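Each remark here refers to the structure printed beneath this line.
The values are calculated or read from the model by the stated rules, or taken from the named source; none is laboratory data. Since the structure is predicted, the reported quantities are computational estimates derived from the model, not experimental observations. Reconstructed Cβ throughout: ideal geometry from the backbone, glycine too, with neighbour counts over all protein chains shown. Note: accessible area is taken over every heavy atom of the protein model, side chains too, but ligands, DNA and RNA are not part of it. Shrake-Rupley method; radii C 1.70, N 1.55, O 1.52, S 1.80 Å.
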Amino acid sequence: GIASLFFLYQYTLFLSFGVIASNVQSTFAISATIFGVLTALCTVVYGICQLPAGALLDRMSVRTLLPSCCVVAAVGAVVYGLSSNVYISGLGSFLMGAGMCLSFVGAIYIASQWFEPKMFGLVAGLTVTIGCVGGAIMQQVLAALLQHFGWRAIMIGIAVSGGILAFLLFMIVREKTVSPPDKDDTEKESGPQPTVSLIKALKIVAGNWQIWLAGIFSPGVR
């Protein structure tokens with residue numbers, strides 16, 4: 001549940017750009033095109049960082065990675081909220097994109113550890129639901145807050161929420177302790193399981209037509 005809230009936090013950050021767009025443009029006296037580039041920087045960095053995200057989860061502790069990434073995203077929100085020009089805002093967008101790269105992947109990784117395989121689809125669907133529905137609600141909340149507070153205060157509030165969430169992730173998220181295999185199971189093993197390099201893994205994914213179909217369908221729906 002806490003990991004799913006991190007995914008909701010990602011959606012909230014993405015949607016906040018649309019809520020504060022006109023205010024940011026007015027503050028920095030920039031066009032909609034420049035603001036679009038500023039926003040795209042966050043999503044592009046987010047997309048690029050998806051490539052090593054899974055590899056990091058396989059090699060490092062999820063309890064360390066998720067809170068750390070959440071802190072990076074929160075720091076990015078602070079930089080964005082306190083920025084004095086569009087270039088510093090770009091740095092904030094960069095940090096937010098990098099920090100959010102593990103939000104969904106991390107939640108799915110935890111689900112794969114703590115739930116049986118037959119439950120994986122349900123848990124993944126619930127995670128997406130929390131992010132999408134919760135994000136839609138948060139968009140309305142942010143729009144209402146914008147009427148009483150400035151866009152900078154909203155970004156600082158989002159940053160504070162990220163700090164609290166990072167603390168909760170660190171305190172609650174745990175790696176699943178795997179019990180040692182039985183002697184009979186050990187004897188059946190032919191040897192250590194081979195590891196797959198990142199390049200080989202990408203080739204496997206690229207060769208799966210269902211991955212391409214999902215990639216084409218998802219942006220089309222959005």
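Across the range 87-117, the number of residues qualifying as among the hydrophobic types (A, V, I, L, M, F, W, C), at pLDDT below 90 and open to solvent by less than 50 Å² (accessible area, probe 1.4 Å) comes to 7.
Highlighted here would be helices (runs of 4 or more DSSP H) found entirely within the range 153-222 that include at least 2 residues which are at pLDDT 90 or above, farther than 30 Å from residue 12 by Cα and within 23 Å of the chain's Cα centre (by Cα), but there are none.
Among the residues making up the range 69-94, those that are touching a residue at least 60 places away in the same chain (Cβ under 8 Å) and closer than 12 Å to residue 24 by Cα are 80, 81, 82, 89.
Residues in the range 118-130 that are closer than 16 Å to residue 105 by Cβ and either among the β-branched types (Val, Ile, Thr) or modelled with pLDDT under 85 (or both): 4 in all.
Screening residue 129 against (1) closer than 15 Å to residue 6 by Cβ; (2) surrounded by 14 or more Cβ atoms within 10 Å (Cβ to Cβ) leaves a single unmet condition, (2). Among the residues of the range 13-68, the ones that are under 24 Å from residue 135 (Cα atoms), among the hydrophobic types (A, V, I, L, M, F, W, C) and without any contact (Cβ under 8 Å) to a residue 40 or more places away in the chain come to 7 in all.
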